[in-house]
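Below: one structure, written as structure tokens.
The values are calculated or read from the model by the stated rules, or taken from the named source; none is laboratory data. From a predicted model like this one, the values you see are computed outputs, not experimental measurements. In this analysis, Cβ positions are derived from the backbone assuming ideal geometry, glycine residues included, and neighbour counts consider all displayed protein chains.
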Amino acid sequence: MTEVEDDAGGNAGMQDFRCGFAALVGRPNVGKSTLLNALMGQKLSIVTPRPQTTRHRVLGLHQGTKVQIAFVDTPGLHHGGKRALNRAMNRTAASVLADADVCVFVVEALHWTREDDLALEHLKRDGRVVIAAVNKVDKVNPRARLLPYLQELSHRHDFAETVPVSAAKHTNLQPLITAIASRLPLSPPLFPVEQVTDRDLKFRIGELIREKLTMELDQELPYGIAVEIETLGEDGGQLVVNAAIWVDREGQKPIVIGAGGERLKRIGRKARMELNDMLDRRLHLTLWVKVRESWADSARALTELGLE
């Protein structure tokens, strides 16, 4: 975990300690989850190339000697609220802003879209302190091409600070941490110093399974997949997990299972191997594919699956 600079928190002593919430906000697929993982030095949010992978708020706690930053990853703000799931994701992202002390507006270097406009409009209406994190600068070549983009960005909003970063390469993260820390309120820690996230083991296991599903299925299924951990227990020194994979149409079930069950076995194997490494223990994982018609359009189903 990156240690914050001494000048971010002032003089020694709890009276100079800074603590608060920093919301990572932006359009889908701009790198917010990758940035959270880079800032935390470990994987807390799942990452795939598909937009709208993040569905929940995910909190990661940066613990410095004079600062505690509660980073909050959010679903990407996006147009097109035809499905209840999409509307719920937008509400989740917008609600995080209400609790944020600092908003980190994540944009992609040299790119600007209608959904960047949408995210920025939310931030302007909210009136919080906004720091721009210009991500994926490692892909800008030659680097001189970045300057006109930064100048154009400065005309879009009066950002408290603009920090070019590369979440994928872990580049220039310390200046971003320092910029955030210096703008947090003076406050004692809000969370125990040993805590890393507010998400429990069930949530993290379910999300990692969903990541492997998304990577494996790629363009074959839309967003009608959810994962629910039905049981989690111990047996003979190993963790035993039974998980339901919910699809929203009967015809999607064989797609997930694959010929002879091979696809589901492959997904389970990839999830189990990464979970073994993440948890540093043996894990037995059983996956079941179940149908819940049009769950992504049902407010009740979203609530029952923890998505609302």
For the range 80-97, does any single residue satisfy the condition of being out of contact with any Pro (no Cβ under 6 Å at 6 or more places or on another chain) and modelled with pLDDT of 95 or more?
-> no
Listed by first then second residue, the pairs whose first member lies in the range 259-281 and is farther than 19 Å from Thr48 by Cα, whose partner is assigned to a loop (DSSP other than H, G, I, E, B), with beta carbons under 9 Å and at least 6 positions apart or on separate chains, are Lys265/Gly258; Asn276/Arg282; Arg281/Gly237
Helices (runs of 4 or more DSSP H) contained in the range 99-202 and holding at least 2 residues touching a strand residue (DSSP E or B) at 6+ places or on another chain (Cβ under 9 Å), surrounded by 14 or more Cβ atoms within 10 Å (Cβ to Cβ) and of a type in the set (Val, Ile, Thr) | 173-181
When restricted to Thr231, Thr286, the only residue of a type in the set (Ser, Thr, Tyr), within 20 Å of Ala301 (Cα to Cα) and not assigned by TED's automatic domain parsing to the domain that holds Lys43 is Thr231
Can you tell me which residue in the range 270-304 is modelled with the lowest pLDDT, limited to those that are polar (S, T, N, Q) and within 22 Å of Asp200 (Cα to Cα)?
-> Thr303
Out of the residues in the range 36-58 that are in contact with an Asp or Glu (Cβ under 8 Å, 6 or more places away or on another chain) and not in a loop (DSSP other than H, G, I, E, B), which is farthest from Leu208 (Cα to Cα)?
-> Leu36
Hey, among Val30, Val58, which residue is under 23 Å from Thr113 (Cα atoms) and not basic (Lys, Arg)?
-> Val30
